[in-house]
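Structure record follows, encoded as structure tokens.
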Amino acid sequence: MLVPSLVTANPRQRDQLCAIELSLCSTNADPSGEPEAARARALADAKLNTTARINRLRLQGLEAITEATTTDNNARTFTRAFAPTVQIYGLDRASGGAGRAVVAFAVPGAQLEFTTPPEAGGRAVYAVRVEVLLSRRSDGARFDLDTLRRFATAAPLAEGQYLTGLVELPLPPGRYAATVVLSQGELGSIARLGELMVPSARNALSVSDLVLGREGSGVRWQSGATAVPLHPLNSYPRGGEVEVYYQLAGLREGARYANRVELFGSDDDDKKPPRLAIAFETTASGERAEVVRTLGLKSLAPGRYRIRLTVQQGTESVSAMAWLTVGK
């Protein structure tokens, strides 16, 4: 609890703490147990705790409260950094009404520290602290997750191997600024991920974030109806496949919706035709739907690509965008 100043509390409350700060004692308090000391303290109180002094201390306390509740000046620093890859998605449960931030991460194993405790049976144990910090744009409300995850591997991770994981944080609908911190004591990294949009239930057509995954990545998110493969590294081999997942809401049962997925080079403008495109239709069986498609990359050269999804029904249209890298 933040209060302007203890000096403004009633005498009985102040007397309980005046042994910590003698100037807070009332005229009836006697911290030393000696009557003479009590009289001396009473005289000191009369001089020190003037109305002007009490008002000044109260104003200083109010200023401190304002600073403490409206600023965030606790910069995190690490003696040594590692280089994780982090993906964050604004999604909902398949049944709706339970929005959340889903965070998938991958950390180079060779950059992490590990232990081999006896109870691990000879395995290497990696303890990684995961902090997800979200601030709602509309009112500044904070939603945080702070958890310690332990991973055990048969042998220490070598160069080119990654430690991957997943956390999720329930959130009300809205637009958020997102930051993820991964750390091991003084070793760590901060990923500022820009804006995150958590979808809300509404009558109009809407689409969630576009989730790109890879079978065999070892990271899956359970939507409540679908096991969704993720891929925190977001880099795919040439000729490989991408698992595309997204959620639609505000559908009209029985209506047909045109879905189009297009891939553009990172430097392509909107006037240039897509390097790859697929189109298909879905028929709504309810107000919500999960869509899963596999996208082949065999016709794409190595490089970075922008994916654009467009869903349309009559005059209604929504879109979502994501990025991926095709390796050599």
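Data overview
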{"read-out": "Residues of the stretch 246-260 classified as within 28 Å of the chain's Cα centre (by Cα) and assigned to a strand (DSSP E or B), total", "value": "4"}
{"read-out": "All positions within the stretch 303-316 that are exposed (fewer than 13 other Cβ atoms within 10 Å of the Cβ) and of a type in the set (Gly, Ala, Ser)", "value": "GLY314"}
{"read-out": "Odd one out for VAL125 among (1) surrounded by 13 or more Cβ atoms within 10 Å (Cβ to Cβ); (2) at pLDDT 95 or above; (3) under 21 Å from ARG192 (Cβ atoms)", "value": "(3)"}
{"read-out": "Residue match in the stretch 261-277 (condition: touching a residue at least 12 places away in the same chain (Cβ under 8 Å), out of contact with any Lys or Arg (no Cβ under 8 Å at 6 or more places or on another chain), among the aliphatic types (A, V, I, L, M) and assigned to a loop (DSSP other than H, G, I, E, B))", "value": "no"}
{"read-out": "Residue identified as farther than 20 Å from ARG129 by Cα, among the acidic types (Asp, Glu) and touching a residue at least 40 places away in the same chain (Cβ under 8 Å) among GLU195, GLU168, GLU186", "value": "GLU195"}
{"read-out": "Test result for SER223, crowded, with 17+ Cβ neighbours inside 10 Å and among the hydroxyl-bearing types (Ser, Thr, Tyr)", "value": "yes"}
{"read-out": "Single residue of the stretch 160-212 satisfying the filter (part of a strand (DSSP E or B) and hydroxyl-bearing (Ser, Thr, Tyr)) that is surrounded by the most Cβ atoms within 10 Å (Cβ to Cβ)", "value": "TYR176"}
{"read-out": "Breaking point among (1) assigned to a strand (DSSP E or B); (2) over 18 Å from LEU230 (Cα atoms); (3) in contact (Cβ under 8 Å) with a residue 60 or more places away in the chain, for VAL292", "value": "(2)"}
{"read-out": "Residue check, ALA81 surrounded by fewer than 16 Cβ atoms within 10 Å (Cβ to Cβ), closer than 17 Å to SER189 by Cβ and of a type in the set (A, V, I, L, M)", "value": "yes"}
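The values are calculated or read from the model by the stated rules, or taken from the named source; none is laboratory data. Remember, predicted model here, so these are calculated numbers, not experimental data. All Cβ positions, even for glycine, are placed from backbone atoms using ideal geometry, and neighbour counts span all protein chains on display.
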